[in-house]
Amino acid sequence: MSLINLDLATRGMDSSARWKILKRHVFSFLRHMTLKKFVNFCHAEISRIMKKEALKSYPYILKIESTNICNLSCAYCYDGRRMSVPGERPYGRMSFDNFKKLIDEVGAYVFKINLYGFGEPLLFPETLEMIQYASKNNIGMSISSNLNFNDPDLPKRIVESGLEVLIFSCHGVTQESYSKFMVKGNMQTAMENVKKIVEERKRVGASTPFIDWQYCVTKFNEGEMGMATARAKELGVDQIRFLRPFIPHDAGEEWLADFFREGEPVGSQQHKPGCTWPYRSAYINYDGGLLPCCQDVRLLVNDFGNVFISGFMNVWNNENYRRSRRLIANPTDKNIACHTICSRCTTIGTANNKEINKRKITASSQLTKGNI
Ligand SMILES: C[S@@+](CC[C@H](N)C(=O)[O-])C[C@H]1O[C@@H](n2cnc3c(N)ncnc32)[C@H](O)[C@@H]1O
Ligand code: SF4
Ligand code: SF4
């Protein structure tokens, strides 16, 4: 998501992958440009530069989690997909009607929607309806999927939906390495689906979806990277990206690929203090819970408000948002009473900033209590 925050969205990628992504986003922006979107975009950027707290502009990129339910149990996705405990978001899915309501409110300003979060978007048929609806409304739609489905019509429906980008999550090219990460997954099924999508795209003469194979590199699959590149070519996917996954510090050595350890080529970028998310983008959970970004979307207490209950613009400019923008604009000001997730985020200051560290420590001890 280069135009919204290249640092966060492409963390762990090498510079060539980052550049390709930037290019793709610029083209996508131009493709979906209207006068209304352009004016809104300028307003959003001016508001950000002027450090406004209440915005007249809308976000121009959205991340919408149509569901947080999944058919797999990847090793380091959501703690092995355990059941939620009180205080955490339960599993669920967004209805098409709620999605439509949201698009009807903000869609005219939005260039792009990433319709996935921490679940499998293709698990439910309404996701393709959502993609179709938003695409018809001139929004570039993107999903990430494990493609573990035995539905012969799925490839055709994906191409018909108007989906612009399909991120294909596939972390290995042998079933053995694949299922170390993608627990319960079937690599052959996923590959067959990709092959059929490419064939269908060709058959109808479509250029979309752009297929972007995302390969999280671990010790288990790093020896297969060459094979994966050859496989990507053979399948006809448009890009393969080797990504450094988020692996907890206490995970065994066997998860850490030598590929990244040698010279730390990626994933070690220093982030400039500051944050642009609350001006440009928003993360909407399936139940309407709104957050400025994808940091800890599981804890309900982190939601800034609910768009299905209050309407998007009311949450976008509520006290949580205004205080967070104020804090982001003045990260060292001790007098700002902000208790949102932004107050505990190192993105807005440096790790040496005592005030932020203090806020972080206080809040994380509160959260740990609520989080069991
Ligand atoms: C949480 S998944 C949701 C979408 C879909 N279920 C999928 O797997 O593509 C979103 C993205 O996170 C990636 N992912 C999962 N676990 C990860 C990890 N530990 N580190 C980095 N990326 C991860 C997946 O490959 C996928 O592209
Ligand atoms: S397929 Fe996606 S959502 Fe499901 S467990 Fe794996 S990474 Fe998480
Ligand atoms: S938590 Fe707030 S400050 Fe941190 S990245 Fe998200 S929006 Fe930005």
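The values are calculated or read from the model by the stated rules, or taken from the named source; none is laboratory data. All values reported here derive from a predicted model rather than from experimental measurement. Cβ coordinates were reconstructed from backbone atoms using ideal geometry, including for glycine residues, and neighbour counts include every protein chain displayed.
Of all residues in the range 59-99, those being free of Cβ contacts under 8 Å to residues at least 60 places away in the same chain and polar (S, T, N, Q) number 1. Counting only residues that are exposed (fewer than 15 other Cβ atoms within 10 Å of the Cβ) and closer than 30 Å to Asn330 by Cα, the range 23-53 holds 7 of them. Note on the range 45-82: residues that are away from ligand 2 (no atom under 14 Å from the Cβ) and either over 24 Å from Ile139 (Cβ atoms) or small (Gly, Ala, Ser) (or both) amount to 8. Against the condition touching a strand residue (DSSP E or B) at 6+ places or on another chain (Cβ under 8 Å), within 16 Å of ligand 2 (Cβ to nearest atom) and at pLDDT below 85, how does Gly12 come out, does it pass? Yes, satisfied.
Only one residue in Gly349, Gly311 is of a type outside the set (A, V, I, L, M, F, W, C) and either modelled with pLDDT of 95 or more or within 16 Å of ligand 2 (Cβ to nearest atom) (or both), so which one is that?
Testing whether each residue is of a type outside the set (A, V, I, L, M, F, W, C) and either modelled with pLDDT of 95 or more or within 16 Å of ligand 2 (Cβ to nearest atom) (or both) leaves just Gly311.
Could you check, for the range 273-291, whether at least one of its residues is at pLDDT below 90, more than 16 Å from ligand 2 (Cβ to nearest atom) and not basic (Lys, Arg)? Steps first, answer last, please.
Just the residues of the range 273-291 that are at pLDDT below 90, to begin with: 273-274.
If we keep only those that are more than 16 Å from ligand 2 (Cβ to nearest atom) as well, we get 273-274.
When the remaining residues are screened for being not basic (Lys, Arg), the result is 273-274.
So far as the range 273-291 goes, yes, one or more of its residues are at pLDDT below 90, more than 16 Å from ligand 2 (Cβ to nearest atom) and not basic (Lys, Arg).
Pairs linking a residue in the range 232-243 that is on the phi < 0 side of the Ramachandran plot to a residue that is modelled with pLDDT of 95 or more and small (Gly, Ala, Ser), with Cβ atoms under 7 Å and 6 or more positions apart or on different chains, are Ile240/Ala228; Ile240/Ala232.
Examine the range 133-146 for a residue that is in a loop (DSSP other than H, G, I, E, B) and surrounded by 18 or more Cβ atoms within 10 Å (Cβ to Cβ), and state whether such a residue exists. Spell out how you get there, then give the answer.
Within the range 133-146, the first condition is being in a loop (DSSP other than H, G, I, E, B), and the residues that meet it are 137-139, 146.
Checking which are surrounded by 18 or more Cβ atoms within 10 Å (Cβ to Cβ) leaves us with 139, 146.
Yes, the range 133-146 has at least one match.
Looking at the range 275-299, which of its residues are among the hydrophobic types (A, V, I, L, M, F, W, C) and farther than 16 Å from Gly119 by Cβ? Break it down stepwise before answering.
Pass one, the range 275-299, residues among the hydrophobic types (A, V, I, L, M, F, W, C): 275, 277, 282, 284, 290-291, 293-294, 297, 299.
Across the range 275-299, the qualifying residues are Cys275, Trp277, Ala282, Leu290, Cys293, Leu299.
Selection over the range 63-94 of residues that are within 16 Å of ligand 3 (Cβ to nearest atom) and exposed (fewer than 14 other Cβ atoms within 10 Å of the Cβ) gives a count of 0.
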